[in-house]
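Comments concern the structure below.
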Amino acid sequence: MTDALDRDRARTVPPPVAPEHAAGAPEGRRAGPAQLGLLLAGICLPVLGSTLIAPVLPQMQRHFAATPGNGVLVPMVLALPGLFLALTAPLAGFFADRTNRKLLLLTAMGLYSVVGSAPLYLGPLPAIAASRVLLGACEGVILTCCTTLIGDYWSGARRAKYLSLSTLASSLAATVFLALGGLLGVSGWRTPFWMYVLPLLLVVPMARLLWQPPRTTSPGGRAALDPLPRRLILVPCLVTLFGGLFFFLLVVELPFVLDGIGIESTATVGAVGAVMALATASGAALFPRLAGRPARVLVPFAFAGTAVGLVVVFATGAVPVVVVGAVITGFSTGLLLPTLLVWAVHRLGYTQRGRGTGWWSCALTFGQFLTPLVVAGLSAPAGGLRPALGVLALGAAALAGAVLLGQRSNDEPLTPAADHASGDPAGLSAR
């Protein structure tokens, strides 16, 4: 058993490479703020699919009132990108490891704008829904490639910091895009789809400022792929499936909680949502200071905080108390997300990182997709939405205990002194 585990761990370390290869950049090139900004902007794009058009769904419903099945198809316009992001991300990770990551990213960026803006000129509702399927596939490629390139360009503590910035940026972008979608929707339900044209402005800077990290190749000219270590990636991805559910839980359900206690003002609901989003951003921003601790400490801590926050939301109908519970939950899930991401990918080598990131993205997004289904399934037997949140609080506490016990022998910090998985000495690519 020990020998098998040692062999599995050994597969996570690629053959030694030259220092410039380890840094993820050709000699003389160093990743800096420009590269980070472009990659973070790319990571924010999938948020458009789930937030930008949410405010105009009622308008779409009225516009397609005569279309058979509109009651299902209109909500699916919002949900389909996330579902197909989850389904596409593992395949995108394979191609990111096998082919040219930069070229794959640029291709997906161009297609993203074409299919994302398609509802501007598509008439039938089924055609619009089909375009959203293609949009989700592009999002899976963009998210996987951008996250993987952050792992390629930096190592050690800086990699952990920038990966946490990616979750922070996504949280803030969700708030901005939701508000922007509402403002643009005043001019008609198609207007927000013009926002999908803007990512074309990123293609030229990405082409000029990003690069494909050097890779080793097999004798046949193909990229040599190390096996993906299932023991290292399976548990973080399984936990991330539940993490995605809890991260998205109050994002979806908080407006209904507030409505249930008599808060019907959209301004008030928006303000409470913004406060929770800031708490989420604060949790993500704190992660780099805690990344020297092992996952067995940070993951249970974040799940326990989520459980406490949901219990507070469940316990009373007083608005100030609900806000406090939402803040605790948002802060905890904000810390949880970068912790899960770094836990999943920090020990993977260059030719494993794309696939590892793809499977992690799949788990996270599929968990988010399942959130409303799980809540709906629990609400009826539990007696309503808030009791269902109480049940889910127990689930979060159980997850905290399960990770604490399951990882009790794993004391490896998330940002070790030497980033052995990438083949870099610590800090070599942390520029």
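Nothing in this text is a laboratory measurement; each read-out follows from the coordinates by a stated rule. Not measured: the values here are computed from a predicted model. Virtual Cβ from ideal backbone geometry, glycine too; neighbours counted across all protein chains shown.
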**Study point:** segment 109-140 versus segment 256-324: alpha-carbon centroid distance in Å
**Key:** 33
**Study point:** Rounded to the nearest 20 debye, dipole of the chain from Cβ charges on Lys, Arg, Asp, Glu
**Key:** 660
Review point. If you take the charge dipole of the chain about its Cα centre, with +1 on Lys and Arg Cβ and -1 on Asp and Glu Cβ, which of Ala137, Pro192, Leu286 is farthest toward its positive end?
Key: Ala137
**Study point:** Cα-based helix-to-principal-axis angle, 200-209 vs the chain, degrees rounded to 10
**Key:** 20
**Study point:** Total charge dipole magnitude, segment 227-414, about the Cα centre, Cβ charges on Lys, Arg, Asp, Glu only, Debye to nearest 20
**Key:** 760
**Study point:** For segment 144-152, Karplus couplings with θ = phi - 60° (6.51, -1.76, 1.60), whole Hz, Gly/Pro x
**Key:** 5, 5, 5, 5, 5, 5, 4, x, 6
Check your understanding: Gaussian network model of the chain, Cα springs within a sub-10 Å range: biggest mean-square fluctuation belongs to which of Val77, Val313, Val56?
Key -> Val56
Practice item. Set Lys and Arg Cβ to +1 and Asp and Glu Cβ to -1, take the dipole of the chain about its Cα centre, and tell me which of Gln59, Gly377, Thr351 lies farthest positive. Key: Thr351
Point to revise | GNM result for the chain, Cα springs below 10 Å: residue of Leu165, Leu149, Leu183 fluctuating most strongly | key: Leu183
Practice item. For the chain, find the longest principal axis of its Cα atoms and tell me its angle to the long axis of helix 319-345, 0 to 90°, nearest 10. Key: 30
Point to revise | Where the Cα pairs of the chain fall when distances are cut into 10 Å bins, in % | key: 5, 22, 31, 25, 13, 4, 0
Check your understanding: So how much slack lies between Val319 and Ala34, counting 0.36 nm per residue of separation and subtracting their Cα-Cα distance, in nm?
Key -> 98.4 nm
Revision key, fill the gap. Only helices counted: for the chain, with every DSSP H run of 4 or more residues adding -39500 (n - 2.57) and the sum spread over all residues, [θ] at 222 nm is -25000 deg cm²/dmol
Check your understanding: Put +1 on the Cβ of each Lys and Arg and -1 on the Cβ of each Asp and Glu in the chain; which of Gly309, Leu405, Thr107 then has its Cα farthest toward the positive end of the dipole?
Key -> Thr107
Exercise for review: Please build a GNM for the chain, connecting alpha carbons under 10 Å apart, and tell me which residue among Leu202, Leu373, Leu399 fluctuates the most.
Suggested key: Leu373
Point to revise | Per-residue HN-Hα couplings for segment 398-406 [Karplus 6.51, -1.76, 1.60; θ = phi - 60°; Hz; x = Gly/Pro] | key: 5, 5, 4, x, 5, 5, 4, 6, x
Practice item. Give the angle, between 0 and 90 degrees and rounded to the nearest 10, that separates the Cα long axis of helix 101-116 from the longest principal axis of the Cα atoms of the chain. Key: 20
Practice item. Add +1 for every Lys or Arg and -1 for every Asp or Glu among the other residues with Cβ under 12 Å from the Cβ of Leu385, and state the total. Key: -1
